[in-house]
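Let me begin by presenting the structure, written as structure tokens, before commenting on it.
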Amino acid sequence: MPIVLGQTQEAIDEKSGASSAKPRRLWDEARFLETFAGHADPKVRTTANAIVAWIKARADRAVFNDAPSFGSIGPEFKTGDEACVPMRLWTDGSLPVCFNQLKRTSVFAADSARQELMDRLNTIPGVMIPPDALEKQPYIRLAAVSADHGASFLEIMDWVCGKLREASPV
């Protein structure tokens, strides 16, 4: 039997990344909410709907990702020359607060401003953001803020929205 030296086309494609490109999925509000429609916990469904409605009502625009497996929606606010997305809601039920993005805005540049936000979030039962998260993106579980259908969380996000608007009126 002859021995063949070299690479197969499959190996060449894999090495170049041609075959490893994952299919993208364009998320939108309908697809996003459809993911939560079958969730076992009605409070989580209601909270996801409330957060999406809040984003549509308060943000300059809603931003979605294009990942194949998990979708996200976040509120985008214009802050000077940049846009800031202070939080995102993911279809896996995670809710990261983007201190790393807030840090780049004038109103949340100081550690004390982000600390105030962290302190407010930590008053929600079931939420415990660690002290070292002021420059990171700590995750909160959607189930943790669902006890009151997200009302406490959204009141805090109203406060964030107000601060961002004060610094950079639209």
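The values are calculated or read from the model by the stated rules, or taken from the named source; none is laboratory data. Owing to the predicted nature of the structure, the values given are computational and were not obtained by experimental measurement. Cβ: placed from backbone, ideal geometry, glycine included. Neighbour counts: every protein chain shown.
Residue check, THR105 against (1) outside any loop (DSSP other than H, G, I, E, B); (2) touching a Cys at 6+ places or on another chain (Cβ under 9 Å), all met but one. Which one?
Here THR105 clears every test but (1).
Could you tell me whether SER146 is surrounded by fewer than 17 Cβ atoms within 10 Å (Cβ to Cβ) and small (Gly, Ala, Ser)?
Answer is no for this residue.
Checking ARG88 against (1) in contact with a strand residue (DSSP E or B) (Cβ under 9 Å, 6 or more places away or on another chain); (2) among the basic types (Lys, Arg); (3) touching a residue at least 24 places away in the same chain (Cβ under 8 Å), only one condition comes out false. Which one?
Against the list (1) in contact with a strand residue (DSSP E or B) (Cβ under 9 Å, 6 or more places away or on another chain); (2) among the basic types (Lys, Arg); (3) touching a residue at least 24 places away in the same chain (Cβ under 8 Å), ARG88 comes up short only on (3).
Collect the residues in segment 100-109 that are surrounded by fewer than 19 Cβ atoms within 10 Å (Cβ to Cβ) and among the hydrophobic types (A, V, I, L, M, F, W, C), keeping them in residue-number order.
VAL107, ALA109, listed by residue number.
Under the condition of being of a type in the set (A, V, I, L, M, F, W, C) and outside any strand (DSSP E or B), which residue from segment 68-94 is farthest from GLN137 (Cα to Cα)?
The selected residue is PHE70.
Test ALA151 against the stated conditions and say whether it is surrounded by fewer than 17 Cβ atoms within 10 Å (Cβ to Cβ) and either among the small types (Gly, Ala, Ser) or closer than 30 Å to PRO23 by Cα (or both).
Yes, satisfied.
Hey, can you tell me all the residues within segment 126-170 that are closer than 18 Å to GLN115 by Cα and in contact with an Asp or Glu (Cβ under 7 Å, 6 or more places away or on another chain)?
Of everything in segment 126-170, just one residue is closer than 18 Å to GLN115 by Cα and in contact with an Asp or Glu (Cβ under 7 Å, 6 or more places away or on another chain), namely LEU134.
So that you can scan it fast, the table gives a plain yes or no per residue for (1) of a type in the set (Ser, Thr, Tyr); (2) at pLDDT 95 or above; (3) at positive phi; (4) surrounded by 14 or more Cβ atoms within 10 Å (Cβ to Cβ):
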| residue | (1), (2), (3), (4) |
| --- | --- |
| PRO75 | no, yes, no, yes |
| THR79 | yes, no, no, yes |
| GLU82 | no, no, no, no |
| ARG88 | no, yes, no, yes |
| CYS98 | no, yes, no, yes |
| ASP111 | no, yes, no, no |
| LEU117 | no, yes, no, yes |
| GLY126 | no, no, yes, no |
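Collect the residues in segment 110-159 that are under 22 Å from PHE36 (Cβ atoms), of a type in the set (A, V, I, L, M) and assigned to a loop (DSSP other than H, G, I, E, B), keeping them in residue-number order.
ILE124, VAL127, ALA147, listed by residue number.
Checking ASP158 against (1) under 14 Å from ARG58 (Cα atoms); (2) crowded, with 16+ Cβ neighbours inside 10 Å; (3) in contact (Cβ under 8 Å) with a residue 40 or more places away in the chain, which single condition isn't satisfied?
All conditions are met except number (2).
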